[in-house]
1. So what J values fall out for the range 128-137 if you push phi through Karplus, 6.51 cos²θ - 1.76 cosθ + 1.60 with θ = phi - 60°, rounded to Hz, Gly and Pro as x?
2. So who's got an amide H within less than 5 Å of the one on Ile137, skipping anything under 5 residues away but keeping other chains? H placed 1.01 Å off N, in plane.
3. Please state, rounded to one decimal and in Å, the Kirkwood hydrodynamic radius that the range 76-152 gives when every pair of distinct Cα atoms enters the mean of 1/r.
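Throughout, read-outs are computed from the coordinates displayed, never taken from laboratory work. The structure presented is a predicted model; accordingly, all values stated were derived computationally and were not measured.
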Amino acid sequence: MSEDNQNDQEVADEWAAALEEQEPESADGAEEDPWAAALEEQSDAEEANPAPITQLDDDAAPRSPAIDLDLDMVLDIPVTISMEIGRTKINVRNLLQLSQGSVVELDRLAGEPMDVLVNETLIAHGEVVVVNDKFGIRLTDVISAEERIKKLK
């Protein structure tokens, strides 16, 4: 253990010697504060006149109506559509206790319309139907584009 203490003492002595070698750089013997200098420089810059702001003009060529109406490039983009019956929050303890036959209460009432989501964005409400032994959904209310944009903001 004495070697460790001796090494620690040598390192401490080296740091002390290095700190003693540093001398204040200012002429009056007081150490200069870099933060004060930076704040003073910033306040001097704020007092100067700001650069004039010029109006930028739109030099771009006018867009052709064909570009605005050409939706073919987006028609083949795949999206995920899902229907949500309801949601609930449950702690892990209760989740681990679920077994076959367990009932989980959701935040919706029976008969209330389901949410139709496209890429996790609500676009409509609907009701469950059965068509040829398969479940489907009949859209009862489609969310307007304005309302969807408001929800994004």
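1. After applying 6.51 cos²θ - 1.76 cosθ + 1.60, I find 6, 10, 10, 10, 6, 6, 10, 6, x, 9 Hz.
2. Long-range HN contacts for Ile137: Val129.
3. Kirkwood radius, the range 76-152: 14.8 Å.
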